[in-house]
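**Q** This is the structure I want to talk about, given as structure tokens.
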Amino acid sequence: KQMHYHQLTLSLQLVPYGDKQKLLISQDITHLERIETMRRDFIANVSHELRTPLTVIGGFLETLSEENNTDSDVRQRALALMSEHTTRMQRLVEDLLMLSRLENAQNIVSEKNINIVEMLHDLSQEAESLSAGRHQISLNLATDAQLLGSEDELRSAFANLVSNAVRYTPEGGEIMLHWMIHEGQGLFSVQDSGIGIGSEHIPRLTERFYRVDNSRSRETGGTGLGLAIVKHIANRHQARLEIVSRVGKGSRFNIWFPVKRLILA
Ligand code: ADP
């Protein structure tokens with residue numbers, strides 16, 4: 001017989017013992033070991049992510065404080081880089097706090113009816129500003145159905161996907177935001193004509209700090225936590241994140257919302 005208790009699975013087995021029987025209780029610890037490995041990796045990753053910006057800032061602080069004859073070009077460049085790396089750490093900490101909030105609170109606190117059409121209009125404006133004219137951005141709003149959920153969380157999930165589309169699509173590419181009802185479910189998607197993702201990477205994209213290309217992610221301000229956050233938020237809304245992509249062609253990130261979350265006009 002197997003007993004499940006939180007993360008533990010205990011196997012109970014009666015075995016002959018002389019003229020009696022004895023009860024063998026065993027525990028499979030592979031699951032616990034996996035959790036422990038994930039925890040260790042996570043700490044190693046966070047430390048690693050913080051080390052570069054701290055080294056850069058520390059180095060420049062030293063230069064600026066030691067050399068009293070530092071010329072103003074060097075000073076300007078040092079300040080610009082220190083500011084860039086500070087922003088990088090701020091982003092990382094914001095994303096870590098967001099993940100920890102999502103992991104700690106099982107339920108959505110402030111659930112309400114959200115006007116998705118309005119939200120997507122806002123997001124396409126934000127995309128325009130991120131893109132700065134480098135992409136063609138469009139909206140495909142096939143329904144005006146509202147969605148029951150957390151406004152902050154959904155905005156953050158959608159904004160993450162939109163910013164990824166901008167960051168991983170070369171100049172001249174197209175980005176489209178969709179909101180529709182498909183086979184009874186609410187479907188939100190961000191579609192881009194960007195660099196695409198190899199199928200071997202897709203199952204791992206929502207892992208914390210998993211990146212296909214480290215330098216591209218960092219250069220464009222990525223923390224490596226965006227899709228982990230999106231996945232969490234989708235799960236909390238009983239929604240499913242689906243990723244369809246082809247290298248060199250582009251990607252489509254779909255979030256499927258169950259009918260019980262839809263408010264049809
Ligand atoms: P990051 O901050 O690195 O963008 P994410 O968790 O948002 O972290 O995404 C994880 C990885 O998935 C990225 O590093 C990138 O390799 C890949 N990725 C995400 N969105 C796209 C996209 N629209 N097109 C191509 N690759 C993407």
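**Q** Hey, among the residues in the range 183-193 that are under 26 Å from residue 136 (Cα atoms) and more than 12 Å from the ligand (Cβ to nearest atom), which one's surrounded by the fewest Cβ atoms within 10 Å (Cβ to Cβ)?
**A** It comes out as 187.
**Q** Every residue in the range 194-208 that is of a type outside the set (A, V, I, L, M), open to solvent by 20 Å² or more (accessible area, probe 1.4 Å) and near the ligand (Cβ under 10 Å from one of its atoms), please.
**A** To start, the set of residues in the range 194-208 that are of a type outside the set (A, V, I, L, M) comprises 194, 196, 198-201, 203-204, 206-208.
This time we only want the ones that are open to solvent by 20 Å² or more (accessible area, probe 1.4 Å), so: 199-201, 203-204, 206-208.
The answer is 201, 204, 206, 207, 208.
**Q** Still on this structure, I have one more. When you go through 130, 154, 225 one by one, which is the residue that is of a type in the set (A, V, I, L, M, F, W, C), touching a helix residue (DSSP H, G or I) at 6+ places or on another chain (Cβ under 8 Å) and over 30 Å from residue 40 (Cα atoms)?
**A** Residue meeting the stated conditions: 130.
**Q** Which members of the range 74-99 meet the condition of being within 28 Å of residue 210 (Cβ to Cβ) and open to solvent by 50 Å² or more (accessible area, probe 1.4 Å)?
**A** 83, 84, 86, 87, 88, 90, 91, 93, 94, 97
**Q** Which residues, taken from the range 212-252, are open to solvent by 30 Å² or more (accessible area, probe 1.4 Å), part of a loop (DSSP other than H, G, I, E, B) and not small (Gly, Ala, Ser)?
**A** Within the range 212-252, 212, 213, 220, 238, 247, 249 qualify.
**Q** So which helices (runs of 4 or more DSSP H) stay within the range 66-178 end to end and still have 2 or more residues that are within 27 Å of residue 244 (Cβ to Cβ) and of a type in the set (Ser, Thr, Tyr)?
**A** 116-131, 151-167
**Q** OK, next. Take the range 236-263 and flag every residue that is out of contact with any Lys or Arg (no Cβ under 9 Å at 6 or more places or on another chain), of a type outside the set (D, E, K, R) and either modelled with pLDDT under 95 or within 27 Å of residue 172 (Cβ to Cβ) (or both).
**A** 247, 248, 250, 251, 253
The values are calculated or read from the model by the stated rules, or taken from the named source; none is laboratory data. Just so it is clear, the structure is predicted and the values come from calculations on it, not from any experiment. Cβ sites come from the backbone with ideal geometry, for glycine too, and all protein chains shown count toward neighbours. Areas reflect the complete protein model, heavy atoms only, side chains present, ligands, DNA and RNA absent. Shrake-Rupley method; radii C 1.70, N 1.55, O 1.52, S 1.80 Å.
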